Every structure is written in C-alpha cells, then in structure tokens.
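What follows is one structure encoded as structure tokens, with my remarks underneath.
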Amino acid sequence: MTPHNHAKAGDYAPAVLLPGDPLRAKWIAETFFEAPKLVNSVRNCLGYTGTWKGKPVSVQASGMGQPSLAIYVHELINVYGVQSLIRVGTCGGLNAKVKVRDLILAQGASTDSSIVKGRFGAFNFAPIADFGLLRSAADKAEAAGLRFHAGNLLSSDIFYHADGFAGYDKLPEHGVLGVEMEAAVLYTLAARFGVKALTICTMTDCLITHAEISADERQSSLTEMVELALDVAVES
C-alpha cells in the first residue's frame, strides 16, 4: 500500500492499461474485463483487475498530466511489480496527415517537461516506446484494418498554450504527429526501471483543421483502441 494506492501485493496483473480519466478506467473494466475487481479507489483514482480473453490484466487511472502519472507509474513498478504499462488516451493532432479517429502509436515522445529535462543535465534524453509492444500494436492494428500512425508525440505540461498552434509550429516540421500530456515521463520511468511501456492515443481534435470527433465517434474509436491495447497487454 502507498499514500495513493490501497491495493495489496498481487492485486495488479503484470500488464496495466493507463487511462488518465478514472471514469474511463471504470468503463474499461466494466466493458471489457471478465470478473473485474476494484483494487484501488484512493482519491477516486480507480484501479481494477480482471481478465481479457482469459488472461489477467489491470487498468489504473493515472490522472491528468506527467506529475500525476509519474506517481502512479513509479508505484505500480516499484511497489506492485508491474512489468508492462500501456497508456490509452486521446490527443490533439499536429500533423495534417493524421485524421480524427486515427490511432497514434507513440514511437517516441518529445516534451517540454522539466520532469524529464531536469534528470539529464546537459543531455537531451529521448524517451521511446518498448519496441516489442510497438511492433505488436502495429501488427495487430494493421491486421484489424485500423488507421494508425507510428511516430513522435509531444507530451506537454501546457494544455492551453498562450500562442495556440503557433506555439508548436516547429514540431510538425519535424514529423511530430500530435500532442498529449503523459507519454514522455511514462517512457522515461520505464527506461529507468527496466520495464516495458507504450502509448496509444486516438486523435480526437486537430489543432490545424479544427476538425473534432463526435461523441458517438469518440466512443467507438476508444473501443477499438482499448481492444488493441488489451490484445497487446495480455501477450506482453
């Protein structure tokens, strides 16, 4: 147990999905898990364990932003022995080739966060996904006929950028596909502690075209993303 998690040793499966929203964690457990069990409710940051296709898997809400996710990921790895962590979230689009409802498999994660920068001094550490998880997700997405892109995301600590899209203008020029708020620190902690991590995001609103996903499309798209992540998780 920790100040943020009252789960007992063994309550989490070796692979955990990480949505930011506690209610999305609840939805994943109740919609996809067989026999879901609530294992954490401290601060209403909900965690559940169940099975998917007969294999154990967990989901734990990580909260919003890199500082919050860092707490839960650090504890999942070091207190509960989790070996594979897959973030399932949404992102804004920074590249015109990414359409709403497309999946982004975050091969790497650039960031403006001092959480990552402050650790490495003069070095610019490059947070990257586990290749095995990335390859598995890409293969399964292709087999399922899902539209996806593998590449670089931006993990930003700023949601409302004072300069709007202009604040990100150099990033699309270098192939960055979208912006979210968690992947870089997830990858950094996974590297530090020798575990596997992957971020899968659904692009729900484009910062270039201002196209947005509808509520119905959001639900069906998230279903595809979660099923893909679960298939990857239970084989990891």
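Just a few scattered comments:
- If you check GLU235, GLU173, GLU180, GLU224 for being touching a residue at least 60 places away in the same chain (Cβ under 8 Å), over 18 Å from VAL57 (Cα atoms) and acidic (Asp, Glu), only one passes: GLU180.
- In the stretch 126-144, the residues that are among the aliphatic types (A, V, I, L, M) and part of a helix (DSSP H, G or I): LEU133, LEU134, ALA137, ALA138, ALA141, ALA143
- Whichever residue in the stretch 95-125 is in a loop (DSSP other than H, G, I, E, B) and within 17 Å of the chain's Cα centre (by Cα) and, among such residues, is farthest from ILE200 (Cα to Cα): SER113
- Unmet criterion (only one of (1) of a type in the set (S, T, N, Q); (2) part of a loop (DSSP other than H, G, I, E, B); (3) buried (at least 23 other Cβ atoms within 10 Å of the Cβ)) for SER58: (2)
- When VAL79 is tested against (1) out of contact with any His (no Cβ under 7 Å at 6 or more places or on another chain); (2) in contact (Cβ under 8 Å) with a residue 40 or more places away in the chain; (3) under 23 Å from PHE32 (Cβ atoms), only condition (3) is not met.
- Members of the stretch 176-210 that are surrounded by fewer than 14 Cβ atoms within 10 Å (Cβ to Cβ) and over 21 Å from PRO67 (Cβ atoms): GLY194, THR209, HIS210
- Identity of the residue in the stretch 3-42, in a strand (DSSP E or B) and of a type in the set (S, T, N, Q), that ends up surrounded by the most Cβ atoms within 10 Å (Cβ to Cβ): ASN40
- Scanning the stretch 104-136 for residues that are under 25 Å from SER214 (Cα atoms) and touching a helix residue (DSSP H, G or I) at 6+ places or on another chain (Cβ under 6 Å) yields LEU105, ALA106.
Computed from the coordinates by the stated procedures, all read-outs in this text should not be read as laboratory data. Since the model is a prediction, treat every value here as computed from it, not as a measurement. In this analysis, Cβ positions are derived from the backbone assuming ideal geometry, glycine residues included, and neighbour counts consider all displayed protein chains.
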